[in-house]
1. Would you call residue B:108 modelled with pLDDT of 95 or more, loosely packed, with under 13 Cβ neighbours inside 10 Å and either part of a strand (DSSP E or B) or out of contact with any strand residue (DSSP E or B) (no Cβ under 6 Å at 6 or more places or on another chain) (or both)?
2. Listed residues B:39, B:82; which is surrounded by 17 or more Cβ atoms within 10 Å (Cβ to Cβ) and within 14 Å of another protein chain (Cβ to nearest Cβ)?
3. Can you find a residue that is farther than 26 Å from residue A:13 by Cβ and without any contact (Cβ under 8 Å) to a residue 12 or more places away in the chain anywhere in the stretch B:56-72?
4. Conditions: (1) without any contact (Cβ under 8 Å) to a residue 24 or more places away in the chain; (2) within 14 Å of chain A (Cβ to nearest Cβ). Residue B:96 meets all but one. Number of the miss?
5. Out of (1) modelled with pLDDT of 90 or more; (2) within 14 Å of chain A (Cβ to nearest Cβ), the odd one out for residue B:123 is which?
6. For residue B:89, are the conditions met, namely being surrounded by fewer than 17 Cβ atoms within 10 Å (Cβ to Cβ), touching a residue at least 12 places away in the same chain (Cβ under 8 Å) and in a strand (DSSP E or B)?
7. Out of all the residues in the stretch B:222-235, is one or more touching a helix residue (DSSP H, G or I) at 6+ places or on another chain (Cβ under 9 Å), within 27 Å of residue B:11 (Cα to Cα), away from chain A (no Cβ under 14 Å) and part of a loop (DSSP other than H, G, I, E, B)?
8. Away from chain A (no Cβ under 13 Å), crowded, with 21+ Cβ neighbours inside 10 Å and in contact with a helix residue (DSSP H, G or I) (Cβ under 8 Å, 6 or more places away or on another chain) - does that describe any residue in the stretch B:199-209?
């Protein structure tokens, strides 16, 4: 399994 | 001028214990509403968000909003110098380059004062959508801590699945496999020991145990932990922060990106 990063879900404001 | 006094200084010690190993440097945003922090770990897999409400402090003054960037392991080292029963006061003048921490022992004449250097950090804030989740589970925080610790002996990842009124944590590795199944409890005699599950749709998702074990360092802050899951979105692990009187002081929330099958 590969680990995703949070930045692929939440975008900088 | 920023000044915040907390009679139960132990709360601040516990908050730092819960974030310092995940995030090395972060900025506290102080406003008239309170103190908050948002920071990702260096690999950008997890994020911690802390909120301490102004009215939870015993004295709180923030003339204008300030950002206090600091090395959290330095702050944690300084907070270790405060006793568990000490009152802690944070002070920062406008445009200063350091923050002052004053520790006062209860019923004693001893006062100690420490200073921590502030840093200019390029903070990147992420917008976290406020969405409903498919599954919400509330369970004893010590139970969550034990499950994560036990399963890390078996494998690197835990698969969390939820169906009907039970939640299942499963791990497998070279030595074998392990699963822990928790069912919703009926009794409300001891709310802190209860397991409650609210499910809109069944879910199955995998997460790295290394991060969950970091999150579990917040266990001393709250007897209950809340897990929120939806398909293909980060997991939310929340500990509410309350003082000795049970008043709501804020929260510490962790977000963790899922692992996916390639």
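The values are calculated or read from the model by the stated rules, or taken from the named source; none is laboratory data. As the structure is a computational prediction, the values presented were derived from the model and not from experiment. Cβ: placed from backbone, ideal geometry, glycine included. Neighbour counts: every protein chain shown.
1. No, not satisfied.
2. Sole residue among the options that is surrounded by 17 or more Cβ atoms within 10 Å (Cβ to Cβ) and within 14 Å of another protein chain (Cβ to nearest Cβ): B:39.
3. no
4. Condition (2) is where residue B:96 drops out.
5. (1)
6. Answer is no for this residue.
7. The answer is yes, given that some residue of the stretch B:222-235 is touching a helix residue (DSSP H, G or I) at 6+ places or on another chain (Cβ under 9 Å), within 27 Å of residue B:11 (Cα to Cα), away from chain A (no Cβ under 14 Å) and part of a loop (DSSP other than H, G, I, E, B).
8. No, every residue in the stretch B:199-209 fails to be away from chain A (no Cβ under 13 Å), crowded, with 21+ Cβ neighbours inside 10 Å and in contact with a helix residue (DSSP H, G or I) (Cβ under 8 Å, 6 or more places away or on another chain).
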